[in-house]
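Below is one structure, written out as structure tokens; comments come after it.
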Amino acid sequence: MQLLPLDNAKQRWGAPCLLIHRGDLHQALLERVAQQEAITLALDTDIAGFASGHEDIEIVARRGLLRASYRGDCLIGADGLRSFVRERMVTFLPGTPQPARLPAKARYTAWRTLIAAEDLSPAFRKPESVLWLGPGAHLVHYPLRGGSVVNVVAVLDDTVAIDWSADLWSAKGDQQEIASRFASWHREARTLIGAAPEWRKWPLVDLDPLPQWTAGRVALLGDAAHPMLPFLAQGAAQAIEDAAMLGAILAPEKPIEPSLAAYAAARRPRANRVQLSSRRQGRIYHLGGPLAYFRDLALQKENPRRFLARYDWLYRTRPVVK
Ligand SMILES: Cc1cc2nc3c(=O)[nH]c(=O)nc-3n(C[C@H](O)[C@H](O)[C@H](O)COP(=O)(O)OP(=O)(O)OC[C@H]3O[C@@H](n4cnc5c(N)ncnc54)[C@H](O)[C@@H]3O)c2cc1C
């Protein structure tokens, strides 16, 4: 077992290590959006088309049977893994190479659950993020919401065909299936798996780094720009970094197209590195046989400080370009 002291993250990287429930992060962002007069939030509304001109861009939005058209300076496609904006951009806008097709099959499945802390023994409630590694799978758990719940994520090697038209977020996972996948694991891991009230599961995919994130007045952000596997827990973090960079670069007095190009130039190298490193991390986490033995040996022998130093490139905060 290796224990890494993350309580000095602020000292080491310039920011504390925080764990937040997705819904709580959404709520915090929503509260900031509500304070901004310049932002209008249109829920349940899809971008259904866009046409980029020299002076501005026209966007067609669809809400049920209603359609509305808007004109603006630019379109930021922050529409996730299955990005409509990305698909249209690579298909129709000039100068965008290679369509980025989503794979028909996933190599991994993620299983997630929240367990009430009171249903678990104190060992699982410590303010620690715990990572278990095993052949073809790994398991992560940590407390959230002031320690009232424990978040559990299990990622399994699993070749599954994906129906991209389905709602991939809400598939139920079968308790017996996951229990059998972890049947030979340590007793504590099995206890945790057995304590889950229910599971949700979905396939995990990524893409190779895109050759281009912008075309004229259109730019991609977040998973639309760099869908990555969650082995470094960085997808949302990178989306937020994209947004910070874009916010720092865009200004009313600056021309749009060069600003968007500058945003992509500033962000792509780092996001690409995180995307590819996440993929590699997955292969290392799920090793089996002799390679797993040597991985574990190296992890046990590694000095915790030196181990953390390997992540300096990822976590050290840096000033945003102005
Ligand atoms: C198992 C798992 C664990 C993860 N763990 C972490 C973690 O610990 N840390 C981390 O940082 N990241 C993590 N991630 C990654 C993270 O969830 C994503 O990277 C992040 O949600 C991407 O944010 P996004 O805003 O780019 O896209 P999304 O969150 O997918 O949001 C896209 C939005 O666009 C909307 N949309 C789609 N199409 C349209 C359209 N045509 N018009 C209008 N709107 C549209 C969607 O409804 C959605 O609201 C994890 C992912 C998985 C699967």
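Relative to the current alpha-carbon distance between GLU128 and ILE20, full extension at 0.36 nm per residue lengthens the span by 37.6 nm.
Taking packing as the residue-averaged number of other Cβ atoms within 10 angstrom, the listed peptides 9-22, 180-193 run from highest to lowest as 180-193, 9-22.
The angle between the Cα long axis of helix 235-249 and the longest principal axis of the Cα atoms of the chain comes to about 30 degrees, rounded to the nearest 10. Using a probe of 1.4 angstrom and keeping all protein chains present, the accessible surface of segment 105-204 works out to 52 square angstrom per residue. For the chain, the average shadow cast by the Cα convex hull is 18.5 nm², which is a quarter of the hull's surface. Between VAL160 and GLU302, full extension at 0.36 nm per residue minus the direct alpha carbon distance yields a gain of 47.6 nm. Counting only Cα atoms, segment 105-204 measures 40, 28, 21 Å along its principal axes, largest extent leading. Remark: relative contact order (the chain) = 19 percent; criterion is Cα-Cα distance under 8 angstrom and separation of 6 or more residues. Which one, GLY146, GLY194, GLY173, has the greatest fluctuation when you compute a Gaussian network model over the chain with C-alpha springs under 10 angstrom? For the chain, modelled as a Gaussian network with Cα springs under 10 Å, the answer is GLY146. Taking packing as the residue-averaged number of other Cβ atoms within 10 angstrom, the listed peptides 123-136, 158-171 run from highest to lowest as 123-136, 158-171. Contact order, relative form, for segment 105-204: 39 percent (alpha carbon pairs under 8 Å, 6 or more residues apart, mean separation divided by residue count).
Only protein atoms count toward the accessible area here, which uses a 1.4 Å probe; on the chain, the carbon and sulfur part of that area reaches 55 percent.
Based on alpha-carbon atoms, the Kirkwood radius and the radius of gyration of segment 218-322 give Rg/Rh equal to 1.10. Contact order for segment 50-174, expressed relative to its length and based on alpha carbon pairs under 8 Å spaced 6+ residues apart, stands at 19 percent. Segment 195-228 and segment 95-156 have Cα centres spaced 17 Å apart.
So if each residue of separation counts as 0.36 nm, and I subtract the Cα-Cα distance between ARG145 and GLN2, what length gain in nm does that give? Show your work: numbers first, answer last.
On the way: separation 143, 0.36 × 143 = 51.48 nm, distance 2.53 nm.
Gain on extension, ARG145 to GLN2, equals 49.0 nm.
Packing around the peptides 65-75, 264-274, 216-226, taken as the average count of other Cβ atoms within 10 Å per residue, puts them in this order, highest first: 216-226, 264-274, 65-75. Of all DSSP-defined beta bridges confined to the chain, some 95% are antiparallel rather than parallel. For the chain, the longest principal axis of the alpha carbon atoms and the long axis of helix 256-285 meet at an angle near 20°. Pairs with C-alpha atoms separated by more than 30 Å, drawn from the list LYS126/LYS301; LYS10/LYS172; LYS10/LYS201; LYS201/LYS301; LYS126/LYS201; LYS105/LYS172, are LYS10/LYS172; LYS10/LYS201; LYS201/LYS301.
State in Å² the accessible area per residue of segment 256-309; use a 1.4 Å probe, count heavy atoms of protein chains only, and round to the nearest integer. Present the calculation step by step, with values, prior to reporting the outcome.
On the way: 3000 Å² over 54 residues.
Per-residue accessible area for segment 256-309 comes out at 55 Å².
Accessible area per residue for segment 1-71, computed on protein heavy atoms with a 1.4 Å probe, is 83 Å².
The values are calculated or read from the model by the stated rules, or taken from the named source; none is laboratory data. Nothing here was measured: the structure is a model prediction, and the numbers come from that model. Cβ: placed from backbone, ideal geometry, glycine included. Neighbour counts: every protein chain shown. Accessible surface areas use protein heavy atoms only, side chains included; no ligands, DNA or RNA. Shrake-Rupley method; radii C 1.70, N 1.55, O 1.52, S 1.80 Å.
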